[in-house]
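Here's the structure we're looking at; comments come further down.
Values quoted throughout were computed directly from the atomic coordinates according to the rules given, and no laboratory measurement underlies them. On a predicted model such as this, the values are computed, not experimentally measured, just so you know. Backbone-built Cβ (ideal geometry, glycine too); neighbour counts: all protein chains shown.
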Amino acid sequence: MSTHPARSLSRVLEDLGSTLLDLLHGDAEATGEIGGVGIHDPHDEQHYPPRAIVLGVGVHGAGQIAELLGSLQVHDAAALVVRGPVDDADELEEVVGETGVALLALTRGASWAQLAAMLRTLLAEGDVGEAEEATLGGVPSGDLFALANAIATLLDAPVTIEDRRSKILAFSGRQDEADAPRVASILARQVPERYLRLHEEHGVFKELYRSEGLVHVPAPTLGDEMALPRVAVAVRAGDEFLGSVWAALRNPLTPEREKAFLDAAKLVALHMLRFRAGTDAENRLRAELVTTVLEGGAGAVEALGRLGLVDEPILVMAMGLAAEPGEDHAQVTAERQRLAGALAVHLSAVQPRSAVALLGDVAYALFPVTADTAPARERAVQVASNFLERTGDRAGAVIGIGSVAQEPATLPRSRANADRALRVLFSGQTSQRVAAIADVYVDALLLEMRDIAVANRDELSGPLARLAAYDAKHNAHLVETLRAWLDAFGDVITASASVFVHPNTFRYRIRRVAEVGRIDLQDPSARFAAMLQLRLMGTRNGGGVRTESTDPTAAGD
């Protein structure tokens with residue numbers, strides 16, 4: 001078991017080093033706790049978690065690397081990873097010493113996406129859960145990398161833990177002592193197809209499925225590739241085959257080590273069950289914690305502590321996906337779940353302490369900000385916009401952003417405001433896909449006023465009721481005329497063009513509006529009342545507010 005802290009660079013190098021990462025310059029022990037993973041983008045404003053490991057995708061040459069190391073010092077980054085091999089790497093030792101940012105090289109052939117996923121898995125250990133860490137056999141529960149290292153120590157051989165489809169779930173250190181097929185498996189996180197076929201032809205998997213003991217696999221020969229013998233053991237939970245553990249051997253195992261290997265397989269089963277259930281369990285736990293936080297009350301502070309979000313301003317994002325008429329409900333539900341997962345990944349790259357949970361039909365995100373300032377709110381809007389741009393127009397999702405909550409007691413208000421902004425986006429009154437409540441507050445207020453009018457079964461009254469009744473009888477377009485005139489601030493030329501009539505005809509109609517509606521269009525209060533009622537009516541008469549019966553005094557032309 002590792003003696004290094006889970007969120008340290010030393011632990012990362014212990015678990016991933018020699019196979020994926022090489023430390024070129026810097027002191028791994030001096031970096032402290034790693035705050036998260038960042039990806040360098042030269043064409044965008046950079047926002048990294050504190051003490052981040054930054055992936056320098058596309059950064060090559062000593063000059064570019066030195067420049068980036070200097071900028072990462074300003075961002076308080078812990079380490080920079082670039083693609084290896086690095087030319088003139090010795091020239092960078094002094095720069096690393098000056099900046100304090102460790103420099104690592106990613107092995108040629110390894111995927112940046114794979115590295116990012118593995119780093120986030122390692123660094124996320126224990127982010128959500130009880131304050132005291134649960135262990136299985138002295139290894140943190142569900143930590144397959146730590147368990148692989150423990151087994152490798154017992155066997156004095158590098159090992160991998162694989163699932164039923166021979167996908168690499170975790171691997172130990174010292175993989176450089178193995179062979180080319182093992183390294184290829186780890187780089188791809190999957191045993192190469194050519195070796196899978198060879199094992200199938202030799203009946204290795206059949207024996208593994210039915211055997212309770214160790215399965216000895218002679219050194220496979222495939223062309224000119226040289227490989228070491230293997231010993232594998234099945235991992236089972238009752239009658240269920242969960243996967244297997246493989247050791248690459250330079251020397252045969254002693255009877256004591258064979259027994260230790262068999263005993264370790266039972267412990268691996270417990271960890272794999274935890275690993276398999278971990279995602280669902282963590283999602284359920286996170287959803288419960290996010291729900292508790294959004295509802296406020298006595299448990300909100302404790303839930304924020306479990307999420308690592310205590311004592312900092314937070315705003316709530318609400319993402320919704322409208323269902324098209326006739327669209328399959330199961331398909332929409334699956335799409336909502338997919339988008340919620342994608343949003344969680346996106347926000348974790350920007351702000352690792354974010355928490356996302358799908359509650360009903362809406363995915364809510366708790367997004368930490370630096371303070372309740374305009375730049376902080378604008379950044380949240382930009383982050384949400386970037387996410388929707390990457391999902392494309394096909395998904396049809398929209399995101400409402402609430403107010404900043406300075407303390408846990410105000411988080412329910414932030415959620416309510418995010419829901420209000422989301423409703424405005426769904427109303428069709430704007431073509432935006434992202435809106436903060438501060439930007440659509442009046443539209444949200446009008447929708448709520450319309451709700452009150454509908455709930456009270458209110459009817460149009462006064463000038464608008466008389467105009468609507470007159471239009472219904474004479475098809476005179478007086479309501480349309482008044483709307484156009486108010487929208488144009490009394491400019492007859494602009495208003496008449498908007499409704500496609502001659503200006504003189506429009507002037508006649510606006511006079512009829514004043515006569516029939518008995519409204520003083522020179523009175524600011526009368527104009528405001530008319531504009532408000534028109535908004536509540538919507539685009540058609542009856543858009544939430546009913547019209548009075550025909551006023552007999554309005555008859556006549």
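Identify the single condition in (1) in contact (Cβ under 8 Å) with a residue 12 or more places away in the chain; (2) assigned to a loop (DSSP other than H, G, I, E, B) that residue 310 does not satisfy, given that it satisfies every other one.
Going through the list (1) in contact (Cβ under 8 Å) with a residue 12 or more places away in the chain; (2) assigned to a loop (DSSP other than H, G, I, E, B), residue 310 breaks only (1).
Does residue 525 satisfy being touching a residue at least 12 places away in the same chain (Cβ under 8 Å), over 30 Å from residue 398 (Cβ atoms) and of a type in the set (S, T, N, Q)? Full working, then the answer.
Working: touching a residue at least 12 places away in the same chain (Cβ under 8 Å): no; over 30 Å from residue 398 (Cβ atoms): yes; of a type in the set (S, T, N, Q): yes.
Judged against the criteria, residue 525 is not a match.
Looking at segment 463-478, is at least one residue loosely packed, with under 14 Cβ neighbours inside 10 Å and within 14 Å of residue 534 (Cα to Cα)? Step through it out loud before you land on a result.
Applying the first criterion (loosely packed, with under 14 Cβ neighbours inside 10 Å) to segment 463-478 yields 472-473, 475.
Add one more test, that the residue is within 14 Å of residue 534 (Cα to Cα), and what stays is none.
No, segment 463-478 contains no residue that is loosely packed, with under 14 Cβ neighbours inside 10 Å and within 14 Å of residue 534 (Cα to Cα).
For the structure I just gave you, tell me whether residue 106 is under 30 Å from residue 342 (Cα atoms), among the hydrophobic types (A, V, I, L, M, F, W, C) and over 22 Å from the mean Cα position of the chain (by Cα).
On the way: under 30 Å from residue 342 (Cα atoms): yes; among the hydrophobic types (A, V, I, L, M, F, W, C): yes; over 22 Å from the mean Cα position of the chain (by Cα): yes.
Yes: the conditions hold for residue 106.
Please enumerate the residues belonging to segment 345-396 that are farther than 17 Å from residue 308 by Cα, within 13 Å of the chain's Cα centre (by Cα) and of a type in the set (D, E, K, R).
Listed by number, the list holds a single entry, 390.
Is there a residue being among the aromatic types (Phe, Trp, Tyr) and surrounded by fewer than 20 Cβ atoms within 10 Å (Cβ to Cβ) anywhere in segment 43-55? Full working, then the answer.
The first filter runs over segment 43-55 and keeps only residues among the aromatic types (Phe, Trp, Tyr), leaving 48.
Going one step further and asking which of them are surrounded by fewer than 20 Cβ atoms within 10 Å (Cβ to Cβ), we end up with none.
No: zero hits.
Count, please, the residues in segment 51-70 that happen to be in contact with a His (Cβ under 9 Å, 6 or more places away or on another chain) and over 16 Å from residue 28 (Cα atoms).
So in segment 51-70, the residues in contact with a His (Cβ under 9 Å, 6 or more places away or on another chain) come out as 52, 54-59, 68.
Pick out the ones that are also over 16 Å from residue 28 (Cα atoms) and you get 55-59, 68.
Residues that pass the stated criteria total 6.
List the helices (runs of 4 or more DSSP H) inside segment 390-482, counting only whole elements, that have at least 2 residues being of a type in the set (Phe, Trp, Tyr). Working first, answer last.
Working: elements: 411-426, 441-455, 463-474.
Of the helices (runs of 4 or more DSSP H) lying wholly inside segment 390-482, none has at least 2 residues that are of a type in the set (Phe, Trp, Tyr).
Tell me which residues, restricted to segment 468-489, are closer than 11 Å to residue 513 by Cα, touching a residue at least 40 places away in the same chain (Cβ under 8 Å) and within 51 Å of the chain's Cα centre (by Cα).
Passing the criteria: 468, 479, 482, 483.
If we keep just the residues of segment 345-378 that are part of a loop (DSSP other than H, G, I, E, B) and in contact with a Ser or Thr (Cβ under 9 Å, 6 or more places away or on another chain), which is nearest to residue 53 (Cα to Cα)? Give the steps one after another, and end with the answer.
Restricting attention to segment 345-378, the residues satisfying the condition of being part of a loop (DSSP other than H, G, I, E, B) are 351-354, 360-361, 369-373.
The next check asks that each one be in contact with a Ser or Thr (Cβ under 9 Å, 6 or more places away or on another chain); those that pass are 354, 361, 372.
Working: 354: 18, 361: 35, 372: 28 Å.
Checking each candidate, the answer is 354.
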